[in-house]
Each structure stands twice: as structure tokens, then as C-alpha cells.
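Right, one structure below, let's go through it.
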Amino acid sequence: MKHDDVPVTKGIFYILGKDGRARTTTNLRKWHENFRNTRLRRVSRTKTKTATVSTVFLGMNHRFGDGPPLVWETMIIGGDLDAYQTRCSGTRTAAIAMHKEVVQKQKRYEWDHS
């Protein structure tokens, strides 16, 4: 069975357009090609004193329930806030704003606990 033949529930898989907007797809081959492009999926990666903050396009809706699809994730890796994560819907611009907020959260924590 080819990937294109696998039935997919609409609204689960997303690909990124060149405009930074996520759009749903049922074509797993197209999704896979898009997902493999780490330059396209990675929004930002910031190192602080004790951790790394990473924001990426998830390629899948991580919302369980009603509401807009959660397709962007920011995570803190390392330090006392290790594994802290937040997700958002919208565009790459929204994901960049989310990344900046989490970087500031991490830096405030480091400042307050130094």
C-alpha cells in the first residue's frame, strides 16, 4: 500500500505554505515531504544560561477537543523548567511571538533564581 492510499481523517495533518500558514492535507506523501523540511518547520531556537527554547511546526493538530488546531509548539529543554511547553494555532508570526514569550519566561526564571 502506498502512502497516498492510506485513509486520513481530515483536519489532523497540516503542511506549511510559503506564507507561513498551516493548511490541512489528506495527502500523506505531501505531508511527509513537508514535514522532513526542518528548515521550514523550525521557527526559532534560543539558548539561555541554563536551557534551550525551541519552537517548531508540529505538522499535526495537537488539540484534543473543540477549537482551532494547535500546530506550533514551544518547549524549554534543560534547566529547572525542562519540558515546559505551550502550543498555538495560527501562523508562523504567532509562533514567533509565542517563542519570544517563552524565552522571556525562561530568562525571568533564571534571573529570579540566580
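May I ask which residue of Tyr84, Thr48, Asn37 lies farthest towards the positive end of the charge dipole of the chain, with charges of +1 (Lys, Arg) and -1 (Asp, Glu) on Cβ and the Cα centre as origin?
Farthest along the dipole direction, towards plus: Asn37.
Hey, can you grab everything whose amide H is under 5 Å from the amide H of Val43? Only 5+ residues off in sequence or another chain; H modelled, so Pro and N-termini drop out.
Thr55, Val56, Phe57
How tilted is helix 92-112 with respect to the longest principal axis of the chain? Cα atoms for both, answer in degrees (0 to 90, nearest 10).
The angle comes out at about 30 degrees.
Gap in Å between the Cα centre of segment 88-112 and the Cα centre of segment 67-81?
After rounding, the separation between the Cα centres reads 9 Å.
Given a cut-off of 22 Å, name the pairs among Lys47/Lys100; Lys18/Lys47; Lys47/Lys107; Lys18/Lys105 whose C-alpha atoms lie farther apart than that in the structure shown. Please report the intermediate quantities before stating the final value.
Working: Lys47/Lys100 12 Å; Lys18/Lys47 27 Å; Lys47/Lys107 10 Å; Lys18/Lys105 30 Å.
In this structure, Lys18/Lys47; Lys18/Lys105 lie more than 22 Å apart at Cα.
Sorting Asp80, Asp112 on the 10 Å Cβ count, fewest up front, what's the list? Don't skip to the end; give the middle numbers.
Working: Asp80 12, Asp112 7.
So the ranking, lowest neighbour count to highest, is Asp112, Asp80.
All of the numbers you see were taken from the coordinates with simple rules; none came from a lab. Everything numeric here is computed off the predicted structure, so don't read it as measured data. Glycine also receives a Cβ, built like all others from the backbone with ideal geometry; neighbour counts cover every protein chain displayed.
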